[in-house]
1. Condition first: out of contact with any Pro (no Cβ under 7 Å at 6 or more places or on another chain), without any contact (Cβ under 8 Å) to a residue 40 or more places away in the chain and either basic (K, R) or farther than 14 Å from D150 by Cβ (or both). Can you find one or more residues in the stretch 195-209 that meet it?
2. In the list A98, A35, A94, which residue meets the criterion of being crowded, with 17+ Cβ neighbours inside 10 Å, part of a helix (DSSP H, G or I) and out of contact with any strand residue (DSSP E or B) (no Cβ under 9 Å at 6 or more places or on another chain)?
3. Are any residues in the stretch 253-269 among the aliphatic types (A, V, I, L, M) and surrounded by 12 or more Cβ atoms within 10 Å (Cβ to Cβ), and if so, which ones?
4. Please work out which residue is farthest from W114 (Cα to Cα), limiting yourself to the stretch 126-146 and to residues that are surrounded by 13 or more Cβ atoms within 10 Å (Cβ to Cβ) and of a type outside the set (D, E, K, R).
5. So which residues in the stretch 1-46 are in contact with a Leu (Cβ under 8 Å, 6 or more places away or on another chain) and within 16 Å of A99 (Cα to Cα)?
6. Which pairs do you get when a residue that is closer than 15 Å to R127 by Cα, found in the stretch 92-108, comes within reach of a residue that is at pLDDT 95 or above and not β-branched (V, I, T), reach meaning Cβ atoms under 6 angstrom, with the pair 6+ apart or on two chains?
7. For V287, state whether it is outside any strand (DSSP E or B) and within 14 Å of L158 (Cα to Cα).
8. From the residues in the stretch 226-252 that are open to solvent by 20 Å² or more (accessible area, probe 1.4 Å) and closer than 21 Å to E186 by Cβ, which one is modelled with the lowest pLDDT?
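The values are calculated or read from the model by the stated rules, or taken from the named source; none is laboratory data. All values derive from a computational prediction rather than experimental measurement. Cβ placement follows ideal geometry from the backbone for every residue including glycine, while neighbour counts extend to all protein chains displayed. We work out accessible area using only protein heavy atoms, side chains counted, and drop any ligands, DNA or RNA first. Shrake-Rupley method; radii C 1.70, N 1.55, O 1.52, S 1.80 Å.
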Amino acid sequence: MTLTVREFAPSDAEAAAAVRRAAVPFLLSTAESIAWEAAHSPAEQRFRILVAEADGRVIGVARAGLYHGSAVPGRAFAQPYVLPEARGRGAGLALVRAAEQYLRGIGANAVYAWVLDDGHAPGFAERRGYRTPLPDLAPDAGVELRAFADFADDPRPLYETDVEAIADEPGEVAFSGITYENWLEETWRVPLLDRDLSTAAVVDGTVASIAIAHSDGRTRYLSAGTGTRRAYRGRGLAKLVKARSLRLARAAGRTEAFTGNDDENAPMLAVNKWFGYEPTAAEWRYVR
């Protein structure tokens, strides 16, 4: 197979639309719309369409350009599409490389792409160095974000929030409580606990929500528990503390973040999906 990547020509419009429809069926795409976009995009966008051709047949296309309305200069996009039956032949990688080379030449400093959650595309993007951006959340007035390290002299407020949150978690073994001393041994003094990355949201002097973070001190980070006191739920505090903890972890050099959820814990599953977590393994609970 001879694979080439070149710039779009008007005669490619029908083939390019067919590739896009096959790769992303929920997007509307016609030969006319492709040709119009190529000819009428704003000059500031520096828009280009690239096509991947194998043995004379168009098997992939990529859209690339600048976000000309961005408040931050240099923000760009690159969106490759490949015929499903032609995947695994290098067309996607060739298109991405060509698009990035073009964007770099016109001053791009960050490239964004939409990635299908199909079990294949996220891994492809991550191998190219793309990452799901962490949400930039700011606390509301009256909410203070603090590290667990700030509670070194008296971690009891963290304990009180943790045990209230645990009581409402789904599971086969009902939780009836835990003493403060046992919590200190099982949570606070655990060597993996990273008190600088673990985060608490304090509202009117009360620890309202916590995100417990474990770390191996090298590259790996584990969300070891996130919970909010009942009176403060519905205010987005769990997202807030997780976002702050993850940002601190990234700044500290952690490159892999893990978490785990019961499949009946719909609220936390939704939060973690919102953060970009993807399933890597599943476990069944057994009892004898």
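1. Taking every residue of the stretch 195-209 in turn, none turns out to be out of contact with any Pro (no Cβ under 7 Å at 6 or more places or on another chain), without any contact (Cβ under 8 Å) to a residue 40 or more places away in the chain and either basic (K, R) or farther than 14 Å from D150 by Cβ (or both).
2. From the options A98, A35, A94, the qualifying one is A35.
3. A257, M268, L269
4. The qualifying residue farthest from W114 (Cα to Cα) is V143.
5. V5, R6, E7, F8, Q45, R46
6. Close Cβ pairs (under 6 Å, with a partner that is at pLDDT 95 or above and not β-branched (V, I, T)) amount to G92/P80; A94/A52; L95/L50; L95/A52; L95/G60; L95/A62; L95/P80; V96/P80.
7. Here the answer is no, as V287 does not meet what is asked.
8. Among them, the one singled out is T226.
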